[in-house]
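S.K.: What follows is a structure written as C-alpha cells; I'll ask about it next.
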Amino acid sequence: MAITYDKKRNDITFCTMLFELPNASDFSALKRNDRKFENFYLPSLKQLIETFGRVALWCDQKTADYITANGLAESVNMRIMDFSELPHFPEHSQWLSTLHDMQRYHGNLLHKKTPEQWINYMILINAKPTVMDWAASENKFNTKYFMWLDAGSFNPMYKFMWDKWDGTIESYPESRVRITIQKTMGKRRPRFTPGFIYKLYKYIRGPIADATRDTLIKQDLISIATINADYDVPACSMMMTGEMTHRFHTTYERTRLMLKRHNLVTTEQAVFQAMMKFDTERMFELSYIDGYRGVYHGVAKPTPDHTLE
C-alpha cells in the first residue's frame, strides 16, 4: 500500500489513538477478522505516522515504546495514559447495564456479540472528539486543520479503502465539520446484505433520498442508536479547523448525554448521526460515499456534496 503525501505541507495535524484493550482476546474476533494488536494495529500506526507525520496520539505505554523504538517519536505528539484514564471509563458499569437493556428490548445489537465483548471498544471510540479537542489545544505542530484517521487505517486488509485516493487534499472545510455519510437500507445495511436483496428493496421502497435536514430528522433515536437508520456515518475519518474542535467536542458530549437520558449507549457513529438529526448550529458538510470504499477520498474531495442548512 503506497500513498504519496507531501509532508512538506504543514497545515494538517492527523489525530488518532491506540490502546491494547483489556479484553483484546475478545476484540480480535469481534469484526469478523483477526485484529491482533501486534500484527494489525501497531504496524498500521507505524505506516500512518511514516506517511503523514504531524500526528497527535493518545496511547498506552506499549504503543509509545513501539513508536520510540521505530524512531518516530519526533513526528508524534503523544499523550501516554492507561486505558482506565480514558474520559468515559468511569461510566463502564452503567454503560454495560444499559447495553444489556438495549439488547433485551431492541433485539439484534452489535453484530450479535455480547455487551461485555464490546464495552471497552465503545469506551475507546467515544473518545475521538476529545482527542481532537486536545490535539487542537496543544497544537504542537502549529496547524490550522485537524483530521481524524483510525489507527488501523493502513492495515493491508484495508487497501481497498485507499484505492481511489491519490494522497492529495484539495480543499478544506472552513466553518463546518467535513464527514462522510453513506446511505443504508434502514433495517438492513447494504454491506451485510446480498446485492439482489438490496436491489429488490430499492424497487419496492424506491430510492432513498439524499440526507437533508428533513430526512435526518425523521430518523428515530432507537434506529440511530443501533446503527439501523437510513444513513450511516463511517467514523474512521473526519476533518475540521482547530477552531471547530472544541465546539464539535462540546456538541458531541451534549448529544451523547441526551442519548444516555433515553437509556441509549451508542457507538460514536450513532452520536454523529444524532448530532446531524438535531443540528441547529449548521455544523456539518457531508461527502457521500459508496460503502467504505473510498472513505478517505470522500473526506478529501474538493467540495462537499451537501451542507445541512
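Every read-out reported here was derived from the displayed coordinates using simple, explicitly stated rules and does not represent laboratory data. None of these values were measured; they are calculated from a predicted model. For neighbour counting, all protein chains shown are included, and Cβ atoms are generated from backbone atoms with ideal geometry for every residue, glycine included.
S.K.: Assuming 0.36 nm per residue, please report the length gained on full extension of the stretch Met78 to Glu138 beyond their Cα-Cα distance.
M.R.: 20.5 nm
S.K.: Starting from the amide H of Thr307, placed 1.01 Å from N in the peptide plane, find each other amide H under 5 Å away whose residue is 5 or more places distant or on another chain.
M.R.: When sequence neighbours closer than 5 places are left aside, the close amide H contacts are Leu286.
S.K.: Given N residues in the chain, what is its alpha carbon radius of gyration divided by 2.2 N^0.38 Å?
M.R.: Working: Rg = 18.7 Å, N = 309, 2.2 N^0.38 = 19.4 Å.
The value comes to 0.96.
S.K.: Considering the dipole of the chain built from charges on the beta carbon (Lys and Arg +1, Asp and Glu -1) around the Cα centre, which of Phe14, Leu86, Gln273 is farthest to its positive end?
M.R.: Gln273
S.K.: Length gain on complete extension for the stretch His92 to Ala69, per 0.36 nm per residue less the alpha carbon to alpha carbon distance?
M.R.: 5.0 nm
S.K.: Still on this model: So for the pair Gln61, Glu174, with labels modelled 7 Å out along Cα→Cβ, what separation do we get in nm?
M.R.: Distance between label points: 4.8 nm.
S.K.: What is the set of long-range amide H partners of Val177 at a cut-off below 5 Å, with H atoms built 1.01 Å from backbone N?
M.R.: Counting only residues 5 or more places away or on other chains, the set is Phe284, Glu285.
S.K.: If you don't mind, there's one more thing I want to ask. Taking every DSSP beta bridge that has both residues in region 12-307, what percent is antiparallel when rounded to the nearest 5?
M.R.: Around 40 percent of the beta bridges assigned by DSSP in region 12-307 are antiparallel ones.
S.K.: With +1 assigned to the C-beta of every Lys and Arg and -1 to the C-beta of every Asp and Glu, and no other charges, what is the dipole magnitude of region 12-307 about the Cα centre in debye, to the nearest 20?
M.R.: Details: 37 positive and 33 negative charges, 230 e Å.
Computed about the Cα centre, the dipole is about 1100 debye.
S.K.: Tell me, what HN-Hα J-couplings in whole Hz come from the Karplus equation 6.51 cos²θ - 1.76 cosθ + 1.60 at θ = phi - 60° for each residue of region 238-252, using x for Gly and Pro?
M.R.: Rounded to whole hertz, the list is 7, 9, 7, 6, x, 5, 7, 5, 6, 4, 4, 4, 4, 5, 4.
S.K.: Further, regarding this structure: Rank the residues Phe14, Phe278 as a footprinting-exposure proxy: fewest other Cβ atoms within 10 Å of their Cβ go first.
M.R.: In increasing order of surrounding Cβ atoms, one gets Phe278, Phe14.
S.K.: Out of residues 5 or more away from Cys15 or on other chains, whose amide H comes under 5 Å of its own, with H placed 1.01 Å from N in the peptide plane?
M.R.: For Cys15, the qualifying residues are Ala56, Met147, Trp148, Leu149.
S.K.: Helix-derived [θ] at 222 nm for the chain: sum -39500 (n - 2.57) over DSSP H runs of at least 4, divide by residue count, nearest 500?
M.R.: -11500 deg cm²/dmol, from helical runs alone.
S.K.: Per-residue HN-Hα couplings for region 301-307, Karplus 6.51 cos²θ - 1.76 cosθ + 1.60 at θ = phi - 60°, whole Hz, x for Gly and Pro?
M.R.: 4, x, 9, x, 7, 7, 10
S.K.: Explain nothing, just compute: Karplus ³J(HN,Hα) = 6.51 cos²θ - 1.76 cosθ + 1.60, θ = phi - 60°, for every residue of region 140-155 in order, whole Hz, x for Gly and Pro.
M.R.: 4, 9, 6, 10, 8, 10, 9, 10, 7, 9, 4, 4, x, 4, 9, 5
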